[in-house]
Amino acid sequence: MEKLRRVLNGQDDEEQGLTAQVLEASSLSYGTRLKWFVICFVCGIFFSILGTGLLWLPGGIKLFAVFYTFGNLAALASTCFLMGPVKQLKKMFETTRLLATIIMLLCFIFTLCAALWWHKKGLALLFCILQFLSMTWYSLSYIPYARDAVIKCCSSLLS
């Protein structure tokens, strides 16, 4: 009802604050969404650390690649609890982070393919490294001017 009233009054969603938009994005309460965000994010970190621990076992590169990828997917999916899945997908495929999103998703797919079907351990490890770099670049896109700062730091180090 409140949303209908805002539309009829001519108030747009962009005039709302971020908190109001987040609260409206889901039928779950804020506490429930925050709780599931933390649970999903902690599971993602746990899977990534578990995969790193399994790396040192015989044949552990395959387990590392799988657990590391699932950990990153869980951490990425955890933000769906905060903003809602549709809004998360819209933000992921905005023009500012479209390339980073595509590279990140391709790295997820290629990591699993290299580890499970192609049985190329070196390639799986390379895709895990690329996965880390693409997740970092994707995450930096949410912080204003963070990518520009990283580019300037890297270019000053290289010159």
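If you check A124, A77, which single one turns out to be part of a helix (DSSP H, G or I) and touching a Lys or Arg at 6+ places or on another chain (Cβ under 9 Å)? Explain how you work it out, then say what you get.
On the way: A77 fails: touching a Lys or Arg at 6+ places or on another chain (Cβ under 9 Å).
Sole residue among the options that is part of a helix (DSSP H, G or I) and touching a Lys or Arg at 6+ places or on another chain (Cβ under 9 Å): A124.
Return the residues of segment 95-140 that are within 20 Å of L54 (Cβ to Cβ) and of a type in the set (D, E, K, R); say none if nothing qualifies.
If the condition is that a residue be within 20 Å of L54 (Cβ to Cβ) and of a type in the set (D, E, K, R), then K120, K121 are the ones that fit.
Would you check which residues across segment 47-67 are at pLDDT 90 or above, open to solvent by less than 30 Å² (accessible area, probe 1.4 Å) and not aliphatic (A, V, I, L, M) and list them?
Passing the criteria: S48, G51, F64.
Just one of C113, C128, C153 is at pLDDT 90 or above and over 24 Å from L89 (Cα atoms); which is it?
Working: C113 fails: over 24 Å from L89 (Cα atoms); C128 fails: over 24 Å from L89 (Cα atoms).
Going through C113, C128, C153 in turn, the sole match is C153.
Go through the residues of segment 132-139 one by one and say whether even a single one is within 30 Å of S27 (Cα to Cα) and touching a residue at least 60 places away in the same chain (Cβ under 8 Å).
From segment 132-139, those within 30 Å of S27 (Cα to Cα) are 135, 138-139; that's our starting set.
Next, only the ones that are touching a residue at least 60 places away in the same chain (Cβ under 8 Å) stay: 135.
Yes, there is a match, as at least one residue in segment 132-139 is within 30 Å of S27 (Cα to Cα) and touching a residue at least 60 places away in the same chain (Cβ under 8 Å).
Being polar (S, T, N, Q), surrounded by fewer than 17 Cβ atoms within 10 Å (Cβ to Cβ) and not in a helix (DSSP H, G or I), is that true of even one residue in segment 135-158?
no
Return the residues of segment 81-106 that are closer than 21 Å to F37 by Cα, of a type in the set (K, R) and open to solvent by less than 70 Å² (accessible area, probe 1.4 Å); say none if nothing qualifies.
Residues satisfying the conditions are K87, K91.
The values are calculated or read from the model by the stated rules, or taken from the named source; none is laboratory data. None of these values were measured; they are calculated from a predicted model. Note that each Cβ is placed from the backbone with ideal geometry, even for glycine, and that neighbours are counted across all protein chains shown. Just the protein is used for accessible areas: all its heavy atoms, side chains included, with ligands, DNA and RNA removed. Shrake-Rupley method; radii C 1.70, N 1.55, O 1.52, S 1.80 Å.
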